[in-house]
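Read the figures in this text as sums done on the coordinates, not as results from a lab. In this text the structure is predicted, and so the values were computed from the model without any measurement. Every residue, glycine as well, gets a Cβ built from its backbone with ideal geometry; the counts of neighbours run over all protein chains shown.
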Amino acid sequence: MSAVGRITEMHDRATIFALSSGRPPVAVAVVRICGPQAGRALETLIGRTPQPRRATLARVCDPADGDIIDEALALWFPAPHSETGEDMAELQVHGGQAVIAGLLGALGRIEGCRPAEPGEFTRRAFLNGRLDLTEVEGLADLIAAETPAQRRQAFRQLKGVIGDQADAWRRKIIETLALVEARIDFSDEADVPEDLIAPALNAAQQLRSMIATSLADGGRGERLRDGLVVAIAGPPNAGKSTLLNRLARREAAIVSPHAGTTRDVIEVHLDLAGYPVTLLDTAGIRESDDPIEQEGVRRALARAEAADLVLWVIDPQEGQRPSGEASRKPMKTETWMVFNKADLSVDKLWINCESPSAAFTQTFAISALTGSGIEALIGALSAYGKAYFAATESALVTRVRHRHALEETVAALDRALAIGASGHEELIAEELRAAATTLGRLTGRVDVEDILDVIFRDFCIGK
Ligand code: GDP
């Protein structure tokens with residue numbers, strides 16, 4: 001029996017169904033059915049089995065009383081040529097509450113059918129060997145993608161770019177391991193070449209440098225997944241929330257003339273020149289006796305410190321000179337000085353602009369209220385994002401999980417190479433086996449029960 005067959009037997013044989021499209025009411029709703037009873041369920045509902053993979057117009061009736069639920073487009077994908085590798089049916093109906101409730105209710109009354117859990121369709125695709133784990137993650141990322149660059153990266157991963165590479169490396173390690181094992185098993189036999197270890201170590205060395213190269217990408221792939229984080233920080237009332245709203249072009253933060261109203265950190269996701277940017281509006285950073293406000297300030301500083309770029313906003317009218325406040329700003333991150341409220345007093349502003357603190361790499365004069373100067377700021381942010389994300393889409397490693405697995409592989413290969421010279425073949429084999437196992441965990445080929453729940457937890461029902 002194939003490995004895939006064995007895995008299939010292990011999982012629940014129930015037929016599952018779910019609404020796979022958006023929240024009703026919508027124009028069209030897609031209900032998917034998957035499992036051994038999918039064909040029978042479809043026949044029960046529409047009175048026949050349509051031709052495989054052909055859209056068929058059909059009347060859907062409730063088997064309990066023959067009541068017409070809707071007219072649907074029915075699709076039938078017999079195993080193994082379906083997304084999950086099992087029998088699958090799909091009904092596209094009108095996306096009204098009552099239609100969907102009627103259809104799901106009727107399905108629930110068919111024996112052997114039950115509602116799907118979040119991510120269960122994809123989980124079956126994985127268990128049936130239709131997707132490896134990195135492809136499953138790529139699918140999750142594709143669904144979550146907010147910008148074209150994220151979408152393209154997720155799509156590459158869904159199409160197996162990292163999984164195929166990891167498999168190729170793993171095969172190479174297993175070949176190398178075979179050389180070492182041959183040396184161990186047949187060490188007494190005359191016709192086995194003396195030196196199998198040297199070529200094995202050579203191959204291990206090459207693999208090690210290839211994997212290390214893909215790790216030395218400065219975390220670009222993960223960054224594209226998570227986005228560039230820009231924190232808007234500065235003293236209260238400088239106009240941070242107003243700036244956030246202007247950049248986000250919507251009322252995401254509460255703009256108020258009273259100091260200290262933005263107590264928590266507000267996040268807005270932007271698509272800047274095709275790249276994902278998360279803007280953080282941090283609470284007014286100032287000393288306060290109010291414990292809630294203190295907590296806001298603490299969080300604001302922590303988030304700003306972790307950001308990739310800080311826009312330090314001040315109101316020159318308030319004497320918020322860069323030198324005084326700058327001493328309290330987070331220094332680890334690149335920081336741009338933004339003089340706000342340019343509509344109020346241009347003269348004063350230019351005096352400040354000419355003498356920015358050395359800690360600031362760029363200086364802007366804007367009015368968050370009127371929008372003057374905003375285009376220059378957005379232009380600079382886009383250029384920054386473009387440089388920041390340069391070549392990120394092609395990065396192989398897109399998640400911390402991948403990075404850990406590859407780092408462990410490199411570490412195991414390093415240990416194998418270190419043992420190399422000493423001639424302990426058993427120990428070399430042991431380390432090569434460990435290297436193959438960590439790569440196997442990356443794609444989900446081995447020993448992954450513990451991480452499955454973590455990965456599938458993020459999926460929605462119907463996927
Ligand atoms: P935050 O505490 O830094 O988030 O400041 P807010 O965005 O809440 O703004 C404080 C006050 O300054 C509000 O009354 C805003 O309308 C006002 N304000 C913000 N930006 C500008 C600006 O560019 N020009 C003027 N004249 N007022 C502004």
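What to note about this one:
- Net length available on complete extension from S20 to N202 is 60.5 nm, with 0.36 nm assigned per residue and the Cα-Cα distance removed.
- Efficiency of FRET from Cβ geometry, A178 and R114, R₀ 35 Å, rounded to 0.05: 0.15
- Full extension of the chain segment joining A302 with A216 gains 28.3 nm, where the gain is 0.36 nm per residue of separation less the Cα-Cα distance.
- Restriction of the chymotrypsin sites (Phe, Trp or Tyr not before Pro) in region 126-225 to DSSP coil positions whose beta-carbon has at most 13 other beta-carbons within 10 angstrom yields F186.
- Relative contact order computed over region 1-124 (Cα-Cα under 8 Å; 6+ residues apart), in percent: 29 percent
- Phi angles across region 102-111 convert, under the Karplus curve 6.51 cos²θ - 1.76 cosθ + 1.60 with θ = phi - 60°, into 3J(HN,Hα) values of x, 5, 5, x, 5, 4, x, 8, 7, 4 Hz, Gly and Pro given as x.
- In this structure the amide hydrogen of L272, modeled in the peptide plane, comes within under 5 Å of the amide hydrogens of V277, none closer than 5 places in sequence on its chain.
- Net +/- balance of residues flanking A89 in space, Cβ distance below 11 Å, scoring K and R +1, D and E -1: -2
- Whole-Hz couplings from phi, Karplus 6.51/-1.76/1.60, listed for region 150-167; x for Gly and Pro: 5, 4, 5, 5, 4, 5, 4, 5, 4, 7, x, 4, 6, x, 5, 5, 5, 5
- Stretched out straight at 0.36 nm per residue, the stretch from A248 to A387 would grow longer than its current Cα-Cα span by 47.9 nm.
- Under-5 Å amide H pairs with D87, H placed in peptide plane, nonlocal only: G35, A79
- Hypothetical label at R152: residues of region 125-142 whose amide nitrogen lies under 19 Å (7 Å Cα-Cβ projection): 138-139, 141-142
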